[in-house]
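As C-alpha cells, the structure follows; a few thoughts come after it.
FYI, it's all coordinate maths here, none of it is from the lab. Predicted, not measured: the structure shown is a model, and the values here were computed from it. Don't worry about glycine lacking a Cβ; one is built from the backbone with ideal geometry, like all the others, and counts go over all protein chains shown.
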Amino acid sequence: MGKRTTGRKLAMQIMYQTDIRKEPVTEVIESFFKETLYVEATIEWASRLAKGAWEHHEQSDVIISKYAIDWEIDRINPIDKNILRMALYELKMKETPMRVILDEAIELSREYSTEESPKFLNGILGNYVKKECLPES
C-alpha cells in the first residue's frame, strides 16, 4: 500500500477518534502516532490530511447535508461521515486526481463500514463532483 493510501486510512481513523472522543485533533494525532512503525512521510501526510479535514469539517457537513438527501447529518454512520469529510477536503486541496480521491473513499468504506456504505458515499460524492467540481459542458 502506498504512502497516500495508508495515510488516508490513518487520517480516517484519527478523524473518527476525534469525532467520537471529542478531543482536539492535534491531541488525537499525537497519541495516535506515539509508538508507530509508519514511515515519516506517511505520518506527515496522514496528520496533514486529518488536521485539515477536521478543521474544515463544519463546511464539509453542510455539503454532506445538502447531498445526503433524506438523511440528517447526525444519523450518518460516523465512519462514513469522516470518510466523506476527508474526501471533500481533499477534493478542495486539488493535489490528487479526483478519481483517485473518490476511489479511495469508496475503498475505505468497503473495508471499514457497512455493506451499503460504498453506494451511499458514491452517491453523495458523485453528485457533489458533478454539480460543484466539473465544468459545465
Checklist entry - Say the cut-off is 24 Å between C-alpha atoms; which of Lys66/Lys130; Lys22/Lys94; Lys22/Lys130; Lys9/Lys81; Lys51/Lys92 go over it? => result Lys22/Lys94; Lys22/Lys130
Checklist entry - So how tilted is helix 40-55 from the main axis of the chain? Cα-based, degrees 0 to 90, rounded to 10. => result 50 degrees
Item to check | Farthest positive-ward along the chain dipole, Cα basis, beta-carbon charges - from Thr114, Met98, Leu88 | outcome: Met98
Checklist entry - Which aspartates and glutamates have a Cα lying under 14 Å from the Cα of Lys119, excluding residues fewer than 8 positions away in the same chain? => result Asp80, Asp103, Glu104, Glu107, Glu111
Checklist entry - Where Lys and Arg each count +1 and Asp and Glu each count -1, what net charge lies around Lys92 among other residues with Cβ under 12 Å from its Cβ? => result -2
Next on the checklist: What do you get for the angle between helix 57-67 and the principal long axis of the chain? Use alpha-carbon atoms, 0 to 90 degrees, nearest ten.
Outcome noted: 30 degrees
Checklist entry - Hey, of [x] 43, 43, 28; [y] 46, 30, 27; [z] 49, 31, 21, which did the structure itself give for Cα extents along the principal axes in Å when calculated? => result [y]
Checklist entry - Over region 1-103, what is the relative contact order in whole percent, taking alpha-carbon pairs under 8 Å and six or more residues apart? => result 31 percent
Checklist entry - Relative to the longest principal axis of the chain, what angle (0 to 90°, nearest 10) does the C-alpha long axis of helix 78-93 take? => result 80 degrees
